[in-house]
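These notes are about the structure you will find just below.
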Amino acid sequence: MLTNRERVIQLLLTTSQDLAPNTLGVSAQFISKKLAIQRSTVSLYLNELVRNGEALKTSTRPVYFIAQSVYEANPQRFIHLNEHLEQQKTAQTAKVDPFKQLIGAESSLKNVVNQIKSAVIYPPNGMSCLLVGDSGVGKSYLAQLAYEFAKREGFVTGKFTVLNCAEYADNPELLSSILFGHVKGAFTGAEATREGLLATAKDGYLFLDEVHRLAPESQEKLFQYMDKGTYRPVGETKAVYESNARLIFATTEKQNIDFLQTFLRRIPMVIQIPSFHHRTKQEKLDLIANLFLNEAHVMHRNIKISAAVAALLVNAELPGNVGKLQSIVKLTCAESLLKQRDTTTSLLIKVADLPLDFMTNKSQPSVTGNPILINYHDSEIKEVAIKERTKLFEFATEIIEITQQVGSDDVSRQQYFEVTARIANKIADFVSFDLRRHRDGSILEFLETTIKGILGNFYLDFGINRFNSNSHLLALIVLFLNDFEDDRQVADLTTTLVQLQQQFGRRYNLSTQLVQAIAVQLNLQNPELYTLFIFNFIFAQQEQLIPIKTNAVIVTHGYSTASSIATTVNRLLNGSVYEGVDMPLDASISEVVSELKRYFRTINTESDLLLLVDMGSLTQLAAMLEPHYDGKIAMMTNVSTAMALVIGQDILKNQLTTDRLKKIAVQQQPQTKVVIPVQKAKVILTTCITGIGAAKYLQRIVTDSTNGSIKIVTKDFYQLKQNGLQDPIFDQYNVKLIIGTDDPNVKEIPYLSVEELINPEVGNRIFLNAFPDMFSQQQLTKMNQAMVRAFTLDNIAANLAVLDPQITVGQVEQTVLILERSLGRKMDVYLRISLYMHLCFMVERIVQREPNLDYHQVQQFQKTHQHFIQITTDALSDIQHYYKITIPVSEIGFIYDILNSRLDLANLD
Amino acid sequence: MTTETANVVVRVDNRLIHGQIAVTWKQALEFDAVVVPDDQLVNDQLNKTIMNMALQSANLTGYFVSVSNGAKMIARLKREHISLLGKPFRIFVVCRTPAAVRALVEAGTEAETVTLWNMFKQPGKQKIAGTVYMDQADLDDAAVIKQHVPDTSIQGSPYAKKIEIPTTLEE
């Protein structure tokens, strides 16, 4: 029992054999009926056979099938079928244009493709053409495509033959022989007659690459061939050979005048191929993506190209063009593959993978790109779209949609105006507020100037006289387009523009004029898109619906101050009322006047003029303006957005009068409200656990040294430690510093321990940080001195029986200072305090005639430390004199011991 | 007298640690540690710092504790350093007042000697000798101390002569 499939095959085979010559084959219906199998099932099997090459099918209705084996056994038998198959083939060729697969065929290579095509179809035998372009731009590829195109169009049937003239440039004879062939004995070693490439390429194309390397004699021969279709092989003297091979030449030479001039004269068509750098961004992206796709196929891995890599490659100036790009892509993939061996993941192409020689002297591109995803399995390339680009085309679609709805009646036009204005506002808001600008401002300013210049010519025609404020917005819109447009097809764009041109001719023409001017400065991919957006903008600005009788101008100093007030108010009023005139900061009155004069030329100077200015003398301005303006001039100073808005409302209703203006001036008295921050006093917080010591002196000393501007507040240590910054004390005071015996660990507020406080090396720094403007180094030194003294006093005062502590401490301080100098040693603060106290008590006991004479080995000390004794006695001389006492050597011995343990006095004597 | 009692020497000085104590007494007595039981000083970081500097320069370690913890600290030190280096670990104890010393000895501190100096003139206090001014309470404290430590006297410096402490003030 045969399966259905086998039955279908068998029936097709037998029926094919019995076919009459004038039939096309067997239909599926016939088999279906005959075998009683569902027709769809039969079609399925038959189509499978076609795919496997076991059957042929026609593209007729209904479709006919014939077994391949039967047809091939005797093709001539099926005359009718043959004819049909032939037709089918040409139809297919006609359908698939080989140039379709060329990236850029629709944009930057459009001209090139058209030229090549016309060279191909030029009767009777095409036209020879010369492709000129840098190396790597794809000249060979284009020649190949030209050949394929010619073949599919049925112009040629022969082969595509390539000769690179550079290969034989060292041997012109050999090259000549290869090209034209030679006869037997033409030169040594020419043992047989050999036909040249011109003969080989008969009925086809001969592509001569690097043709400038061809020797002049050969060139001459080629020209002769181009003229007459005849040539002589090398060594041939009599016979003339004929060929119909078509010629395509290619050269990189643009500089070689000699070569070009001869060639240009003789070659009818020269085609310039743009270099990679001049291709559009989208083309570059496509090229890059396709090169990566090729690699993806080779590696059997999907690829993700990082945005940075895409941007770097797109912005690269590649001397080797696409050829170079190809090798970069290959190297990059190889590098990346080495790092990412896991074949199950996509290969991520990062900047670090790019070849080093490519990366040198590359700065990061200013234009950002999108990541590109490449799926090798489906040969799919996907650029991850960015928000701004999506937005741009959404806007475009929106404009197109509403434009297509507009009719010619007035009502509809009014509606159209309103909708247009709404979209224009939306776009203006988007570019002003939502868009992150990353181009530098100079482009913007430059563009603004250009737009201003053009708009300036159209004041009267369209009432587009708010040129300053508008040109800024328009420049922003243009840059937005330039940043994010790509060369995708926007549906109905062209037809919409045609419609706009018909309905709003003058404004449309202004738009195209602006686009042309912009195109000089920026590289536009899709100028029509610009026209659409600019038209939308201009159309939305027209405010002729209510003619305004007052020319209102805001004049201020500073970049875009006036234009931004004007724009803001115009937007708020939903109409164009104000013109903004921005003056440089240092502009004089006469400069203001000359700027205004320029503006006057564009408006009706008989209507009222309102000038809102920021500052300056109105009298002088009025005097200087008066001769240049015919109508009434009203002026007001201290322009503000609020003022402009109130006045603008009147202007729109044509209700602005002198009285009204005066009233507004009164109303516009600036209001004042001074917000006084709750000034929390800057304080130092002390948290002495014991309550004695530091807090006391600190309070007194800091108050003395800062004239009371820093307050000292005491706070319970344990509360502070527990509450931290939440403690109410921080609401009440601006606490700059906490001083205490133990750190309460309050975050953000510096802590200074008492012993650090008294040590200027630590304390001064913290004080300076906490109160940067309050202390000088000198003040701090003084404060520290006072602190040390106070501390010393506090320690001794209660214990001195006969001396006045204040006086004695002062004297002792002096003594220590002298001692420091004489010894050439600086004492640290702690040693000084020790010494102060020791000396005070020493003086007291000597005054009380109870000196400590118990220093051991006094004689020994006196002998060995004479120098120290001398110094110390000198330092103490004021005290000795004041109290009429003599300091015994024994006491000096004790002083020596105290100092020696801390200062190392070993080499003193 | 046990060996342990030989380890502790007590000094009364209103000024507690100062240069002279650190240097002179260290030279004379060669003690290893200084204990200062004083309720006021224990929280006075600044004075502790100054005193510590003086002690460090004499290569000494100071222990600042409250009076009530004084006896414990002394006992602990004795325990930890027992017969270290083969010679007794000597502790120099400085108190601000005789009352503090009394608290120590009553808490069980056994001292070799107790000397008084620098007890400054205050209202109600009479000069006894040198810089030692005392009132009856001080004398009473001294008397109690003397019961525990027989070698209790007034002494200016390690090499000065010791002066007997009277039991009552002169009228």
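Once you charge only the Cβ atoms, +1 for Lys and Arg and -1 for Asp and Glu, what is the size of the charge dipole of chain A about its Cα centre, to the nearest 20 debye? Walk me through the numbers before you get to the answer.
On the way: 88 positive and 95 negative charges, 425 e Å.
I would put it at about 2040 debye.
Roughly how many Å is it from the Cα centre of the stretch A:246-324 to that of the stretch A:820-890, as a whole number?
Cα centroid to Cα centroid, the span is 96 Å.
Tell me the label-point distance for the pair residue A:164, residue A:804, using the 7 Å Cα-to-Cβ offset, in nm and rounded to one decimal.
11.0
Within the set A:863/B:161; A:715/B:72; A:721/B:48; B:125/B:161, which residue pairs have Cα atoms separated by over 31 Å?
A:715/B:72
Taking the Cα-to-Cβ direction at residue A:765 and at residue A:48 and moving 7 Å from each Cα, how far apart do the two end points lie in nm?
Distance between the two pseudo-spin positions: 8.9 nm.
What number comes out for accessible area per residue over the protein assembly as shown if the probe is 1.4 Å? Units Å², please.
Averaged over the residues of the protein assembly as shown, the accessible area is 49 Å².
Mind putting a number on the dipole of the stretch A:182-290 about its Cα centre? Charges go on the C-beta only, +1 for Lys and Arg and -1 for Asp and Glu, and I need it in Debye to the nearest 20.
Using only the charged Cβ atoms, the result is roughly 160 debye.
Over the stretch A:620-749, consider all pairs of different Cα atoms and compute the Kirkwood hydrodynamic radius from their mean reciprocal separation; express it in Å, one decimal.
On the way: mean 1/r = 0.0491 Å⁻¹.
One decimal place: 20.4 Å for the Kirkwood radius.
Starting from the alpha-carbon convex hull of chain B, give the projected area averaged over all orientations, in nm².
That works out to 9.5 nm².
Looking only at the protein assembly as shown, where both bridge partners belong to it, what percent of the DSSP beta bridges are antiparallel (to the nearest 5)?
That works out to approximately 20 percent antiparallel.
What fraction of the DSSP beta bridges in the stretch B:5-154 is antiparallel, stated in percent and rounded to the nearest 5? Let's see the in-between values first.
Values: 3 of 24 bridges.
So the antiparallel bridges amount to about 10 percent of the total.
Lys/Arg Cβ at +1, Asp/Glu Cβ at -1, dipole of the stretch A:681-786 taken about the Cα centre: which of A:774, A:723, A:738 is farthest positive-ward?
The one lying farthest along the dipole's positive direction is A:774.
Ordering A:97, A:794 from largest to smallest accessible area (1.4 angstrom probe), what's the sequence?
From most exposed to least exposed: A:794, A:97.
Along the principal axes of its C-alpha atoms, what lengths does the stretch A:213-273 span, in descending order and rounded to whole Å?
Largest to smallest, the principal-axis extents are 38, 20, 16 Å.
For the stretch A:776-909, evaluate the Debye formula with one uniform point scatterer on each Cα (no solvent term) and list log10 I(q)/I(0) at q = 0.18 Å⁻¹, rounded to two decimals.
-1.03
Farthest toward the dipole's positive end in the protein assembly as shown, which of B:149, B:58, A:699, given Cβ charges of +1 (Lys, Arg) and -1 (Asp, Glu) about the Cα centre?
Working it through, the farthest residue towards the positive pole turns out to be A:699.
Of A:376, B:133, which has the most accessible area and how do the rest follow, probe 1.4 Å?
If we order A:376, B:133 from most to least accessible, we get A:376, B:133.
With viscosity set to 0.890 mPa s and temperature to 25 °C, compute the Stokes-Einstein D of the stretch A:842-909, Rh being the Kirkwood radius across alpha carbon pairs; µm²/s, no decimals. Before the final figure, lay out the partial values.
Values: Rh = 12.4 Å.
It comes out at roughly 198 µm²/s.
Please give, to one decimal in nm, the separation of the simple spin-label points placed at residue A:122 and residue A:1, each 7 Å out from Cα toward the Cβ.
Placing both labels 7 Å beyond Cα along the Cβ direction yields 7.1 nm.
Give the calculated FRET efficiency between residue A:619 and residue A:571 to the nearest 0.05, with a Förster radius of 35 Å applied to their Cβ-Cβ distance.
Rounded to the nearest 0.05, the efficiency is 0.60.
Okay, helix-only estimate at 222 nm for the protein assembly as shown: each DSSP H run of n ≥ 4 adds -39500 (n - 2.57), divide by all residues, round to 500 deg cm²/dmol; what do you get?
When only DSSP H runs of four or more count, the value is -15500 deg cm²/dmol.
Just want the answer: with Cβ charges of +1 for Lys and Arg and -1 for Asp and Glu, which residue in B:137, A:508, B:33 is farthest toward the dipole's positive end in the protein assembly as shown?
A:508
Check which residues have an amide H placed less than 5 Å from residue A:578's amide H, if you skip close sequence neighbours.
A:570
Which residues among the stretch A:289-314 fall inside the zone where the amide N is under 12 Å from a point 7 Å beyond the Cα of residue A:335, along Cα→Cβ?
Only A:309, A:313 fall inside the zone, counting backbone N under 12 Å.
Could you state how much accessible area residue A:241 has, in square angstrom rounded to the nearest 10, with a 1.4 Å probe and all protein chains kept in place?
Here the accessible area works out near 80 Å².
Round to the nearest 10 and give me the degree value, 0 to 90, for the angle of helix A:387-405's Cα axis relative to the longest principal axis of chain A.
Orientation of helix A:387-405: about 50 degrees from the principal axis.
Over the stretch A:4-95, what is the mean sequence separation of C-alpha contacts under 8 Å (at least six apart), divided by residue count, expressed as relative contact order in percent?
The value is 32 percent.
Considering amide H positions built from the backbone, and no H for Pro or chain starts, which residues 5 or more places from residue B:126, or on another chain, come under 5 Å of its amide H?
Here B:134, B:135 satisfy the definition.
Hey, what do the phi angles of the stretch A:619-626 turn into as Karplus ³J(HN,Hα) couplings, whole Hz, using 6.51/-1.76/1.60 and θ = phi - 60°, x for Gly and Pro?
4, 5, 4, 4, 4, 7, 7, 3
Would you work out the charge dipole size for the stretch A:40-179 about its Cα centre, treating the Cβ of every Lys and Arg as +1 and the Cβ of every Asp and Glu as -1, and quote it to the nearest 20 debye?
That gives the stretch A:40-179 a dipole magnitude of about 540 debye.
Return the sequence-ordered ³J(HN,Hα) values of the stretch B:14-19 in whole Hz as given by the Karplus equation 6.51 cos²θ - 1.76 cosθ + 1.60 applied to θ = phi - 60°, using x for Gly and Pro.
4, 8, 6, 7, 9, x
On average, how many beta carbons from a partner chain sit within 10 Å of the beta carbon of a residue in B:156-164?
Numbers: counts 6, 7, 2, 5, 3, 1, 0, 0, 0.
Mean partner shielding for this stretch: 3.
Which order, highest average first, do A:564-570, A:772-778 follow once you tally other Cβ atoms within 10 Å for each residue and take the mean per peptide?
Averaged packing, sorted descending, gives the order A:564-570, A:772-778.
In a shell of Cβ-Cβ distance under 13 Å around residue A:34, excluding residue A:34 itself, what net charge do Lys and Arg (+1) and Asp and Glu (-1) give?
Counting the neighbours of residue A:34, the net charge comes to +2.
Can you check what the net charge comes to around residue A:275, using other residues whose Cβ is under 10 Å from the Cβ of residue A:275 (Lys, Arg +1; Asp, Glu -1)?
That works out to -1.
Net charge near residue A:244, counting Lys/Arg +1 and Asp/Glu -1 over other residues with Cβ under 15 Å of its Cβ?
So the surrounding residues net to +1.
Any chance you could tell me what percent of the C-alpha pair distances in the protein assembly as shown go past 59 Å?
55
On a 0 to 90 degree scale, rounded to 10, what angle separates helix A:79-95 from the longest Cα axis of chain A?
That helix lies at roughly 30 degrees to the long axis.
Tell me, what HN-Hα J-couplings in whole Hz come from the Karplus equation 6.51 cos²θ - 1.76 cosθ + 1.60 at θ = phi - 60° for each residue of the stretch A:654-662, using x for Gly and Pro?
6, 10, 6, 10, 4, 4, 4, 4, 5
Quick one: pull the percentage of alpha-carbon pairs in the stretch A:4-95 with a separation above 20 Å. Let's see the in-between values first.
Numbers: 1306 of 4186 pairs.
Of all Cα-Cα distances in the stretch A:4-95, 31 percent exceed 20 Å.
Shape verdict for the stretch A:545-671, please, from the Cα gyration tensor: rounded (a/c under 1.5), prolate (a/b greater than b/c) or oblate. Present the calculation step by step, with values, prior to reporting the outcome.
Working: a/c = 1.31, a/b = 1.17, b/c = 1.12.
It is rounded, given that a/c, with a ≥ b ≥ c, falls under 1.5.
Under 5 Å between amide H atoms, partner at least 5 residues away or on a different chain: which partners does residue B:11 have, H built in plane at 1.01 Å?
B:93, B:94, B:95, B:115
Inside 10 Å of the C-beta atoms of A:326-338, what's the mean count of C-beta atoms belonging to other chains?
Shielding by partners across A:326-338 averages 0.
Under a cut-off of 28 Å between alpha-carbon atoms, report the lysines in cross-link reach of residue A:662, not counting same-chain residues fewer than 8 places apart.
Answer for residue A:662, where 28 Å is the Cα cut-off: A:549, A:597, A:632, A:653, A:673, listed by chain and number.
For residue A:804, what accessible surface area do you get with a 1.4 Å probe? Give it in Å², rounded to 10.
Answer for residue A:804: close to 70 Å² accessible.
Roughly how many whole Å is it from the C-alpha centroid of the stretch B:1-79 to that of the stretch A:163-237?
116
Any idea what angle helix A:493-503 forms with the longest principal axis of chain A, computed on alpha-carbon atoms, 0 to 90 degrees, nearest 10?
In chain A, helix A:493-503 runs at an angle near 90 degrees to the longest axis.
If N is the number of residues in the stretch A:193-233, what value comes out of its Cα radius of gyration divided by 2.2 N^0.38 Å?
Details: Rg = 10.5 Å, N = 41, 2.2 N^0.38 = 9.0 Å.
Ratio of Rg to 2.2 N^0.38 Å for the stretch A:193-233: 1.16.
The values are calculated or read from the model by the stated rules, or taken from the named source; none is laboratory data. These numbers were taken from a predicted model, which means no experiment stands behind them. Methodologically, a virtual Cβ is constructed for each residue, glycine included, from the backbone with ideal geometry; neighbour enumeration extends over all protein chains shown. Protein only, heavy atoms only, side chains kept; ligands, DNA and RNA dropped before computing areas. Shrake-Rupley method; radii C 1.70, N 1.55, O 1.52, S 1.80 Å.
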